[in-house]
Amino acid sequence: MKKLFLTLTAVTALTFASQAQTEKGKFIVGGQVGFETSKVKDTDNKGNSFSINPTAGYFVSDNWAVGTGIGYSWNKTERAGDPDFTQESNAFQVAPFVRNYIGDGQFRFFSQLSVPMAWGKTTTTTNIESEAKFERYGVELAPGFAFFPTSKVGIELKVRGLYFESDKNKTLDRTTNTFGLNANSLAPSIGVQFYF
């Protein structure tokens with residue numbers, strides 16, 4: 001009986017503690033870090049990429065947060081051949097957002113409207129070296145689900161959702177516009193956010 005009472009008390013405490021994360025005046029801090037490397041077997045073809053995108057937000061009212069992410073991404077692709085091929089890209093990224101949480105308790109749905117932007121350059125080397133500057137602007141409406149095991153931590157699953165992206169190669173004066181819906185529940189992004 002004593003173990004049952006302690007278990008119920010702990011569950012109740014966690015439930016009440018998890019109620020306070022998304023109140024007006026609170027902060028949310030998190031972000032993404034990514035690294036990927038690949039190599040084609042029996043060749044000298046390989047690729048590497050790295051990105052870091054910390055985010056911070058402020059709850060302007062209960063369940064409504066505004067904030068931004070600021071980050072950097074880098075990737076490099078190398079292929080052996082005649083001629084050898086190397087392509088390297090660097091980009092500075094900014095993504096302001098508005099997020100709304102729906103529901104109460106430890107399990108909550110959320111929707112996030114963000115405006116991702118990036119500015120960078122791509123350097124390509126074959127027989128000669130060429131450089132292309134680019135800028136990218138977009139709008140994204142992403143649904144997600146958050147689990148709050150404690151009042152300070154939220155574990156999230158999110159899909160990309162509905163998006164529009166305009167990618168301009170400034171050197172070639174060429175713009176590519178992309179519109180899509182990506183709601184693949186089998187490949188969500190997973191994250192951890194901290195609330196205080």
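At-a-glance table
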read-out: LYS46 being more than 13 Å from the chain's Cα centre (by Cα), among the basic types (Lys, Arg) and surrounded by 12 or more Cβ atoms within 10 Å (Cβ to Cβ); value: yes
read-out: Output for region 112-128, where each listed residue is of a type in the set (A, V, I, L, M) and assigned to a strand (DSSP E or B); value: LEU113, MET117, ALA118
read-out: Qualifying residue in region 95-102 (condition: part of a strand (DSSP E or B), more than 25 Å from GLY57 (Cβ to Cβ), touching an Asp or Glu at 6+ places or on another chain (Cβ under 9 Å) and not charged (D, E, K, R)); value: no
read-out: Residue that is surrounded by the fewest Cβ atoms within 10 Å (Cβ to Cβ), among those in region 160-173 that are basic (Lys, Arg) and either part of a loop (DSSP other than H, G, I, E, B) or out of contact with any strand residue (DSSP E or B) (no Cβ under 7 Å at 6 or more places or on another chain) (or both); value: LYS170
read-out: Close pairs (9 angstrom Cβ cut-off, 6 or more residues apart or separate chains): farther than 17 Å from GLU135 by Cα in region 160-184, among the aromatic types (Phe, Trp, Tyr) and exposed (fewer than 12 other Cβ atoms within 10 Å of the Cβ) anywhere; value: LEU162/PHE179
read-out: Some residue of region 180-191 being β-branched (Val, Ile, Thr), within 27 Å of GLY105 (Cβ to Cβ), modelled with pLDDT under 90 and part of a strand (DSSP E or B); value: yes
read-out: Region 123-144, residues that are surrounded by fewer than 17 Cβ atoms within 10 Å (Cβ to Cβ), under 23 Å from the mean Cα position of the chain (by Cα) and of a type in the set (A, V, I, L, M, F, W, C); value: VAL139, LEU141
read-out: Inter-residue pairs, beta-carbon under 6 Å, first within 16 Å of SER166 (Cα to Cα) and in region 111-132, second of a type in the set (Asp, Glu), 6+ apart; value: SER114/GLU140; TRP119/GLU135; LYS121/GLU131
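Residues are listed down the side, and each one gets a yes or a no for (1) touching a Pro at 6+ places or on another chain (Cβ under 8 Å); (2) at pLDDT 95 or above; (3) farther than 16 Å from ALA142 by Cα:
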site: GLN21; (1), (2), (3): no, no, yes
site: PHE35; (1), (2), (3): no, no, yes
site: VAL40; (1), (2), (3): no, no, yes
site: ALA80; (1), (2), (3): no, no, yes
site: PHE92; (1), (2), (3): no, yes, yes
site: PRO96; (1), (2), (3): no, yes, no
site: ASN100; (1), (2), (3): no, yes, no
site: PRO116; (1), (2), (3): no, yes, no
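The values are calculated or read from the model by the stated rules, or taken from the named source; none is laboratory data. Fair warning: this is a prediction, and the values are worked out from it, not measured in the lab. So basically every Cβ, Gly included, is an ideal-geometry build from the backbone, and we count neighbours across all protein chains shown.
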